[in-house]
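Everything below concerns the one structure shown next.
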Amino acid sequence: MKLTGRRITAFCLLFFTVLSTAPGQLLVDKKATAKTRALYGNLRILSQNGVLFGHQEDDAYGVGWRRQDGRSDVKAVCGSYPAVHGWDIGNEGQGTNVDSVRFEDIRRYIRDVYRRGGVNTISWHMDNPVTGADSWNQTPVVKDILPGGTGHAAYVRQLDIAARFLRRCRSGFTKIPIIFRPFHEHNGDWFWWGKGNCTEEEYIGLWRFTVDYLKNEKGLHHVIYAFSPDRSRLNLDSADVSYLYAYPGDDYVDVIGLDNYMDVGVGWNQKPVAEQTADLVKVLRAISRLADEKNKIAALTETGQEAITNTKWFTEVILNPLKQNPDINLAYFMVWRNANKKHHYAPYPGHPSVNDFLRFYEDSYSLFESDLDDIYKPR
């Protein structure tokens, strides 16, 4: 547990910040459960003075271990789990997901995170419903899986599997609120739903059908919908316009998200680190502005530096720019998974970035699971 002052800094806003419109009323699903509305509202308020830290599949495995209940690389370093826990339901209908995590374990981890007071978000590296290949298959099929298309029934079968998983995310009789992020990075061409593999109109149709089907046909009212283009395909000279490529509309999106591995000190970006940071600030300002205009929340839904080669990455690349630019308001940012010593995005015990991560953790701006005080309670 951190210092009391941290909790005061973050949570006094929950009691004294007044919003012009009740945040829970802004959700896509007007029948959203009370706890789902409360989570969304609290995330919106917290984003005004802090950011939740997230990590993909944190509970399931880490560097040198797998399936050890209660273990977490992040917790081993700083004493707390991340505030946001990412999962993926790709390989739907099989025994394990795309990262070889058993689906029955994912549901258990989701329940445990909820009971501890953390937040769960789910992405979907969905198999191509027509070819049967993985999500990186680029066969154009979106036009065929829309209503009336030859592959529509096949898509609905896969969507039913996803819906069944989401429905089973429960703690007792309580449906656990989930931030659901399907069809991510659609402005790139590497997924079958990506730009060049379907038209803008087809993508919008797919997104809208999916949301309508889950909430209206399947009756899932504990889902928050996150939209997340990829930064590498955005034009920063017109970031607001570029971001809205294939945007399904305000009635179909809850989270203005962004996947950004480009402006965070990566080697393949030829710009110097200072210029990358300037671009990061510019694009985060843009999504914060869009979220504010649309009365939604903004999030850096995927980011990180593989292997954390910059040992001050968490403070210099993320924390300082966020704190120094009050017009950036992110509800959360999530780094990718810890698969092994070459492919990891959060520190593990003994990693050279541990000391910097501890400074990041101790800063009142960063929020971890131990900082969250009943985030599912209406304020």
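The values are calculated or read from the model by the stated rules, or taken from the named source; none is laboratory data. It should be emphasised that the depicted structure is a prediction, and the values quoted were computed from it without experimental measurement. Cβ placement follows ideal geometry from the backbone for every residue including glycine, while neighbour counts extend to all protein chains displayed. When the accessible area is computed, the model is the full protein with side chains, heavy atoms only, and any ligands, DNA or RNA have been set aside. Shrake-Rupley method; radii C 1.70, N 1.55, O 1.52, S 1.80 Å.
The residue pairs whose first member lies in region 71-82 and is modelled with pLDDT under 95, whose second member is assigned to a helix (DSSP H, G or I) and aliphatic (A, V, I, L, M), and whose beta carbons are closer than 8 Å, counting only pairs six or more residues apart or on different chains, do not exist in this structure. Does Thr121 count as open to solvent by less than 50 Å² (accessible area, probe 1.4 Å) and not in a helix (DSSP H, G or I)? Judged against the criteria, Thr121 is a match. The condition of being open to solvent by 30 Å² or more (accessible area, probe 1.4 Å) and closer than 18 Å to Tyr361 by Cβ holds for only one of Ala83, Ala76, Ala133, that being Ala76.
Out of curiosity, is Ala298 out of contact with any Pro (no Cβ under 6 Å at 6 or more places or on another chain) and under 15 Å from Leu46 (Cβ atoms)? It is true that Ala298 is out of contact with any Pro (no Cβ under 6 Å at 6 or more places or on another chain) and under 15 Å from Leu46 (Cβ atoms). If the condition is being closer than 25 Å to Ala346 by Cβ, open to solvent by less than 10 Å² (accessible area, probe 1.4 Å) and out of contact with any Lys or Arg (no Cβ under 8 Å at 6 or more places or on another chain), then region 262-287 contributes Val264, Gln276, Leu280, Leu284, Ile287. In summary, Lys323 fulfils each of the numbered conditions (1) in contact with a Cys (Cβ under 9 Å, 6 or more places away or on another chain); (2) over 20 Å from Gly86 (Cα atoms) with the single exception of condition (1).
Just name the residue that is most open to solvent (accessible area, probe 1.4 Å) out of those in region 317-354 that are free of Cβ contacts under 8 Å to residues at least 12 places away in the same chain and in a helix (DSSP H, G or I). The selected residue is Gln324. Candidates in region 197-243 are the residues that are in contact with a Pro (Cβ under 9 Å, 6 or more places away or on another chain) and over 22 Å from Ala154 (Cβ atoms); of these, the one that is surrounded by the fewest Cβ atoms within 10 Å (Cβ to Cβ) is Ser242. In the condition set (1) over 19 Å from the mean Cα position of the chain (by Cα); (2) in contact (Cβ under 8 Å) with a residue 12 or more places away in the chain; (3) under 15 Å from Gly117 (Cα atoms), Val63 is compliant with all but (3).
Those residues that are more than 21 Å from Asp356 (Cα to Cα), surrounded by fewer than 20 Cβ atoms within 10 Å (Cβ to Cβ) and in contact with a helix residue (DSSP H, G or I) (Cβ under 7 Å, 6 or more places away or on another chain), I need them from region 290-310; list them, please.
Going residue by residue through region 290-310, those that are more than 21 Å from Asp356 (Cα to Cα) are 290-299, 301.
When the remaining residues are screened for being surrounded by fewer than 20 Cβ atoms within 10 Å (Cβ to Cβ), the result is 290, 292-295.
Once the filter is applied, which keeps residues that are more than 21 Å from Asp356 (Cα to Cα), surrounded by fewer than 20 Cβ atoms within 10 Å (Cβ to Cβ) and in contact with a helix residue (DSSP H, G or I) (Cβ under 7 Å, 6 or more places away or on another chain), region 290-310 yields Leu290, Lys294, Asn295.
Among residues of region 107-129 that are farther than 20 Å from Leu43 by Cβ, those with a beta-carbon under 6 Å from a residue that is open to solvent by 20 Å² or more (accessible area, probe 1.4 Å) and acidic (Asp, Glu) at least six positions away or on a different chain give the pairs Asp127/Asp134. Looking across region 313-369, the residues that are more than 24 Å from Lys296 (Cβ to Cβ) and of a type in the set (Ser, Thr, Tyr) come down to Thr315, Tyr345, Tyr348, Ser353, Tyr361, Ser364.
Any residue in region 166-174 that is surrounded by fewer than 17 Cβ atoms within 10 Å (Cβ to Cβ), farther than 15 Å from Ile106 by Cβ and among the small types (Gly, Ala, Ser)?
Quick first cut of region 166-174, residues surrounded by fewer than 17 Cβ atoms within 10 Å (Cβ to Cβ) only: 167-168, 170-174.
Restricting the remaining residues to those that are farther than 15 Å from Ile106 by Cβ gives 172-174.
Imposing the further condition that a residue be among the small types (Gly, Ala, Ser) reduces the set to 172.
Yes.
Annotation note: of Ser135, Ser171, Ser123, the sole residue that is touching a strand residue (DSSP E or B) at 6+ places or on another chain (Cβ under 7 Å) and among the small types (Gly, Ala, Ser) is Ser123.
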